[in-house]
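Below is one structure, written out as structure tokens; comments come after it.
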Amino acid sequence: RAAHIEPGHLETTYNYTLHYWREGLTTDITVLRMVKKLRKKHPNSWKALFMHAQVEAERGDYQQALAMLEECAKRDGPEHETEAAIAEVRGRLPQSRLLVKAFGRHEAGISALCLSGDAHLALTGDRAADRGVLRAWNVQTGESTLTCEGHEAEIGSLALTADGLNAASGSSDCTARIWDLAKGNCLHVLDAHGGGVTQVMFTDDGRGLLTACEDGTIRLWDRKEGKLLTSYQGHAGAVHTLCPGVPGHSFFSAGQDRTLRQWEVRNGRCLRVEADYKSPLTALAASDHRRYILAGSEDGYIELYDALELKRMGRRRAHSERISALCMGMRGRQALSAVPGGKIRLWELAANRCIRTFRGMAPLAMDGDGALALSAGPGGQLLLWNVGLANEVLHAPMMLCQSHSIEDA
């Protein structure tokens with residue numbers, strides 16, 4: 001009724017857009033545009049500024065929200081409401097979702113990256129067609145600590161062992177390599193691939209290495225000996241991505257043939273196949289307890305699955321281009337998606353909505369507890385983000401609508 005009486009009504013416009021956002025029908029960027037328009041239309045309004053602050057708080061930008069609320073306190077508005085919001089936001093300042101630092105410029109760009117569980121060590125691959133260079137970085141200082149050369153083409157995937165002693169790299173030169181990070185030398189060259197290696201992933205016990213290949217085969221290698229142990233065949237085309245399944249028992253793969261497959265690690269047996277896709281799957285991620293998996297596709301969709309039953313729980317358009325990387329937070333409540341074009345989005349999976357958009361790009365990696373994420377940035381930089389995937393979302397309050405028509409008067 002308020003919108004009918006007064007198009008562009010302040011509270012109604014805010015509430016309506018907030019509702020759309022929480023229903024997953026729009027992104028945080030659209031909501032920000034809306035509150036900025038409201039502030040422009042009502043430049044001296046306490047309420048318009050307060051609404052903007054609440055949206056920033058729901059996005060997790062508590063620093064920006066606090067600055068706006070402190071400005072609200074200087075204006076003519078309800079003191080108790082402003083003071084309560086300031087106290088809530090100030091208590092969440094350490095959880096602010098923001099850029100922590102930028103470091104490690106790569107002249108040719110970044111083709112792959114990996115972040116240790118404690119976020120102290122990062123690995124990157126240079127985006128160069130004629131050679132693949134692996135670099136190790138001290139995340140705290142931002143300094144490069146190691147350079148490893150050997151690949152004859154671009155590195156497309158990197159992995160770290162839990163103890164941080166070894167790394168694995170997969171390249172379009174049809175090889176994977178296992179590295180000693182203490183000495184900086186290559187321990188094994190795994191060359192029995194019939195195409196480029198698209199992803200590398202260590203097994204849960206750390207004794208094996210899985211490699212996905214453009215030839216449609218997944219291979220399991222002995223980490224210490226560098227010997228081929230098992231092959232997993234079934235994909236009818238390139239295998240794009242892998243993610244862990246039931247700890248110590250299974251893993252998932254997806255590829256160009258538009259299928260998602262679950263495999264038994266030990267004997268190479270395919271346990272289940274999900275083939276109801278319109279586009280090839282390009283990224284996978286598993287929750288920390290392995291109950292859920294998230295799949296990203298070439299046409300920009302993400303799909304959430306119950307990993308125990310391989311049952312689809314939700315699907316939505318996440319980006320307008322190919323999803324290159326996914327990460328899932330604690331218990332699968334929140335996730336990150338990244339594309340090469342320059343957007344990282346944070347998702348509240350239960351509501352199937354985008355909470356926050358970051359100005360980073362794929363590749364993307366996350367630490368062990370979902371507090372920090374590392375991405376590529378403009379100019380070949382590494383960007384470290386505080387993403388707080390374990391933090392609860394602070395939901396902004398709806399506003400009471402007040403409108404008066406000539407008839408009411």
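Here are the numbers for this structure:
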| item | result |
| --- | --- |
| Test: residue in segment 309-317 that is within 25 Å of Ala159 (Cβ to Cβ) and in a strand (DSSP E or B) | no |
| Residue list for segment 65-74, filter: free of Cβ contacts under 8 Å to residues at least 24 places away in the same chain and within 13 Å of Arg39 (Cβ to Cβ) | Met68, Glu71 |
| Matching residues, segment 345-373, being outside any strand (DSSP E or B), out of contact with any Leu (no Cβ under 8 Å at 6 or more places or on another chain) and under 18 Å from Leu158 (Cβ atoms) | Gly368 |
| Condition broken by Lys227, with the remaining ones in (1) out of contact with any strand residue (DSSP E or B) (no Cβ under 6 Å at 6 or more places or on another chain); (2) surrounded by 16 or more Cβ atoms within 10 Å (Cβ to Cβ) satisfied | (2) |
| Residue match in segment 258-265 (condition: among the basic types (Lys, Arg), over 26 Å from Tyr20 (Cβ atoms) and either at pLDDT 95 or above or crowded, with 21+ Cβ neighbours inside 10 Å (or both)) | yes |
| Leading residue by the ranking (surrounded by the fewest Cβ atoms within 10 Å (Cβ to Cβ)) among those in segment 46-67 that are in contact with a Leu (Cβ under 7 Å, 6 or more places away or on another chain) and more than 24 Å from Gln95 (Cα to Cα) | Lys47 |
| Counted residues, segment 22-77 - those being part of a helix (DSSP H, G or I) and not basic (Lys, Arg) | 31 |
| Top-ranked residue of segment 118-133 - restricted to ones that are among the aliphatic types (A, V, I, L, M) and at pLDDT below 95, ranked as surrounded by the most Cβ atoms within 10 Å (Cβ to Cβ) | Val133 |
| Single condition Leu115 does not satisfy, out of (1) hydrophobic (A, V, I, L, M, F, W, C); (2) surrounded by fewer than 21 Cβ atoms within 10 Å (Cβ to Cβ); (3) over 26 Å from Ser231 (Cα atoms) | (2) |
| Count of residues meeting criterion [small (Gly, Ala, Ser) and more than 25 Å from Met366 (Cα to Cα)] in segment 136-194 | 4 |
| Residues within segment 322-344 that are at pLDDT below 95 and either closer than 12 Å to Tyr301 by Cα or assigned to a loop (DSSP other than H, G, I, E, B) (or both), tallied | 5 |
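The values are calculated or read from the model by the stated rules, or taken from the named source; none is laboratory data. Since we're looking at a predicted model, the values are computed, not measured. Cβ coordinates were reconstructed from backbone atoms using ideal geometry, including for glycine residues, and neighbour counts include every protein chain displayed.
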